Amino acid sequence: MPLTRAAPARYTGRTLGGVCKVGVPMTRLFLAGLAVLSLFAASPGVAQGRESLGWGRLFTNDFLGDNRDRWRTGSYVVSKVIGYGWDGQRPERAGEIVEFRFRSETIAPENIVTAAPGDRRYVGALSFGVHTHFQRRGTEISLGGDLVITGPQTGIGDLQTEIHKIVGASVPGVLGNQIPDGFHPTALIEVGRTFRLSPQVQVRPFFEAQAGAETLVRAGGDVMIGRLGQDELLLRDVATGHRYRANRGAHTGFAAVFGADIAHVEHSVYLPVYDGIALTDHRSRLRAGVHWQGRKSSAFYGLTWLSEEFVSQPEGQLVGSVRLNIRF
């Protein structure tokens with residue numbers, strides 16, 4: 001059961017540099033997540049002879065898609081992966097490869113200044129998780145858990161306010177009606193299998209189940225065209241379904257990726273039933289993107305169409321995802 005506090009009548013936290021309602025310095029919780037991720041992954045007790053296999057990152061924002069500041073408006077994920085080595089495929093045993101994952105997400109009503117009746121509430125969410133990636137007889141398995149933290153205590157609303165002031169965008173006026181502070185343990189499993197149709201083309205159907213902050217089952221598939229990424233560990237982004245690179249393989253050049261999935265969502269703390277907002281019967285995603293790897297630098301850009309998540313949502317949305325790794 002998720003542990004939640006009652007929602008305050010109005011959010012009284014200060015802006016960037018101040019202190020939020022529960023006494024956590026603004027934005028420090030966000031920055032501390034990155035620090036904790038690095039320190040925890042590097043500690044001798046956790047590493048136990050493992051070595052660093054790489055970092056995975058992906059930034060997603062609707063500014064990079066349909067340029068509308070609404071609904072699943074933005075997220076950022078950072079993954080640190082350690083293991084006993086990498087030979088181009090997942091190990092047979094669980095626990096040999098460990099991913100430490102830190103993630104933030106902003107979800108908003110369609111109008112962040114004044115929400116319309118029947119629209120969803122503002123959500124700021126942070127999560128810290130540990131996952132392992134392995135295979136059994138060619139079936140690839142990812143298994144792990146996250147602690148999802150929600151509400152004004154995350155400081156995400158104030159951080160977005162300050163960023164919007166800097167860039168001259170509309171300042172959120174809906175922070176007084178956020179999803180309440182809460183801590184939501186969340187378990188996640190994905191099972192997939194890769195089929196190589198040719199040296200350049202691989203297809204990977206997958207099935208996913210999640211319980212916690214959102215409880216759902218999902219089925220879908222991904223297609224990769226190009227050698228790039230075929231000998232790498234790819235991690236799935238929660239918001240878009242894009243698979244982002246966690247380490248570097250032997251290949252350079254380009255790879256095109258396409259994917260689609262459909263989910264049935266049984267429960268979501270982001271759309272609480274007491275708000276009177278009904279979940280849609282299903283939730284779909286369509287995505288496409290391009291990976292590039294040079295001699296030192298790499299990049300990714302992808303687009304994802306997200307279908308409606310609640311009955312009164314008038315349409316879906318388009319978000320963009322990017323990763324840049326520039327080295328000189």
At 7 Å along the Cα-to-beta-carbon direction for both residue 318 and residue 137, put a label point, then send me their distance in nm to one decimal. 4.4 nm
Dimensionless Rg over Rh [the chain; C-alpha; Kirkwood]: 0.96
Would you calculate the separation in nanometres between label points at residue 111 and residue 326, each defined as 7 Å from the Cα along the Cα-to-beta-carbon direction? 3.9 nm
Grab the other residues whose beta carbon is less than 10 angstrom from that of residue 231, score K and R as +1, D and E as -1, and report the net. 0
For the range 275-328, evaluate the Debye formula with one uniform point scatterer on each Cα (no solvent term) and list log10 I(q)/I(0) at q = 0.12, 0.22, 0.27 Å⁻¹, rounded to two decimals. -0.44, -0.81, -0.99
At R0 = 30 Å the Cβ-Cβ FRET efficiency linking residue 203 and residue 55, nearest 0.05, sits at 0.65
In Å, descending, principal axis extents of the Cα set of the range 80-237: 52, 31, 30
Top mean-square fluctuation among 297, 284, 312, Gaussian network model of the chain, C-alpha springs under 10 Å? 297
Based on the alpha-carbon gyration tensor of the range 43-167, what equivalent-ellipsoid semi-axes (square roots of 5 times the eigenvalues) come out, in whole Å, largest first? 36, 15, 13
Nearest-20 debye value, the chain charge dipole, Cβ charges on Lys, Arg, Asp, Glu: 920 debye
Against the empirical 2.2 N^0.38 Å scaling, what ratio does the C-alpha Rg of the range 160-264 come to? 1.44
Given springs between every Cα pair under 10 Å in a Gaussian network model of the chain, which of 215, 114, 252 has the largest fluctuation? 114
Work out how much length residue 67 to residue 166 would gain on full extension: take 0.36 nm times their residue separation and subtract the Cα-Cα distance, in nm to one decimal. 33.9 nm
Which value, to two decimals, describes the C-alpha radius of gyration of the range 206-328 once divided by 2.2 N^0.38 Å? 1.21
Rounded to the nearest 500, what is the 222 nm mean residue ellipticity of the chain from helices alone, with -39500 (n - 2.57) per DSSP H run of 4+ residues and division by all residues? -3000 deg cm²/dmol
Roughly speaking, what is the stretch gain from residue 225 to residue 288, that is 0.36 nm per residue apart minus the C-alpha to C-alpha distance, in nm to one decimal? 21.5 nm
Find the centroid of the Cα atoms in the range 88-106 and in the range 264-279, then give the distance between the two in whole Å. 29 Å
Can you give the angle from 0 to 90° between the axis of helix 156-167 and the longest principal axis of the chain, with both taken from C-alpha atoms, to the nearest 10? 90 degrees
Picking from 208, 51, 105, which is most flexible by a Gaussian network model of the chain using Cα springs under 10 Å? 51
Using only alpha carbon pairs under 8 Å that are at least six residues apart, calculate the relative contact order of the chain and give it in whole percent. 16 percent
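Read-outs throughout are calculated quantities, based only on the coordinates presented, and are distinct from any laboratory measurement. Computed from a predicted model, the values in this text were never measured in an experiment. With ideal geometry, Cβ positions are generated from the backbone for all residues, glycine too; neighbour counts draw on all protein chains shown.
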